[in-house]
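J.: Input: one structure, supplied below.
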Amino acid sequence: MAQRKLILNRVTILVFDRKSAGGKARLSCSPSRALEKVMGWEEMPDWQKSATPQGPKLAASLIEFTPHQGDLRKHAFDLQVTAVDNFEFVRVQMNKGKTAKKSPSFRLELHCSVHFSDPQGATKLERYMGQVLESTVRITYEESAEQEELLSSEEQRQAVSEATD
């Protein structure tokens with residue numbers, strides 16, 4: 001299987017759990033067309049408050065956290081992971097108070113769980129959360145057969161089906 005990379009923007013660490021051999025972290029990020037294409041997801045309708053998209057989990061091996069701000073780049077780190085799953089689209093109201101009732105504005109966030117195998121992962125995440133608010137995350141993952149099918153073009157599928165006939 002081929003290794004691929006996927007970039008998530010505006011990532012915030014929401015929470016993480018520590019276990020003896022790693023743990024699990026919950027991340028929030030801005031959804032992207034690239035991620036929707038890789039995972040084979042449709043866009044979430046405007047009327048929904050949240051949605052759990054159907055699709056495979058990513059068999060990831062490495063996640064690289066890089067801060068947006070140039071002066072905080074020294075806090076960048078890598079985390080050994082096993083999977084990225086439990087994806088959920090959430091519509092979050094941006095403004096609060098009286099203006100929220102009159103003219104509410106929303107943004108769409110994507111929440112996901114990252115299962116890490118790094119024994120120092122929780123320490124790295126805790127230190128990072130104290131220093132950096134938002135970052136860019138690069139996920140290195142193994143492409144599964146289901147994801148390969150989603151990424152292949154219609155012409156490639158036809159060529160394969162003609163070759164097997």
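Just so you know, all these numbers are worked out from the coordinates, no wet-lab data involved. Please read all numbers here as calculations on a predicted model, not as lab measurements. Cβ placement follows ideal geometry from the backbone for every residue including glycine, while neighbour counts extend to all protein chains displayed.
J.: If I model a spin label at Arg91 and Leu133 as a point 7 Å from the Cα along the Cα→Cβ vector, what separation in nanometres do I get?
T.: 2.6 nm
J.: Please list the non-local residues whose amide H lies under 5 Å from the amide H of Phe77, H modeled 1.01 Å from N, same-chain partners needing a gap of 5 or more.
T.: Phe65
J.: Peptides 46-55, 124-133: what's the order by average Cβ count within 10 Å, highest mean first?
T.: 124-133, 46-55
J.: Turning to a different aspect of this structure: Counting other beta carbons within 10 Å of each Cβ, put Leu108, Leu27 in order, fewest first.
T.: With the fewest neighbours first, Leu108, Leu27 line up as Leu108, Leu27.
J.: Please enumerate, by chain and number, the lysines with C-alpha under 27 Å from the C-alpha of Lys37, excluding those fewer than 8 residues away in the same chain.
T.: By straight Cα distance, Lys37 reaches Lys5, Lys24, Lys49, Lys57.
J.: Between Lys37 and Lys98, how high is the FRET efficiency from 1/(1 + (r/R0)^6) when r is the Cβ-Cβ distance and R₀ = 30 Å? Nearest 0.05.
T.: So, using R0 = 30 Å, E works out to roughly 0.15.
J.: Just to confirm the filter: which GluC sites (Glu not before Pro) across the range 1-62 are DSSP coil and have at most 12 other Cβ within 10 angstrom of their Cβ?
T.: Those satisfying the criteria are Glu42, Glu43.
J.: Related question: Using the basic label-point model (7 angstrom from Cα toward the beta carbon), what is the Lys49 to Ser105 distance in nanometres?
T.: 2.2 nm
J.: Which shape class applies to the range 1-99: rounded if a/c is under 1.5, otherwise prolate when a/b exceeds b/c and oblate if not, where a ≥ b ≥ c are the square roots of the Cα gyration tensor eigenvalues?
T.: Oblate shape, in that a/c is at least 1.5 and b/c is the bigger or equal ratio.
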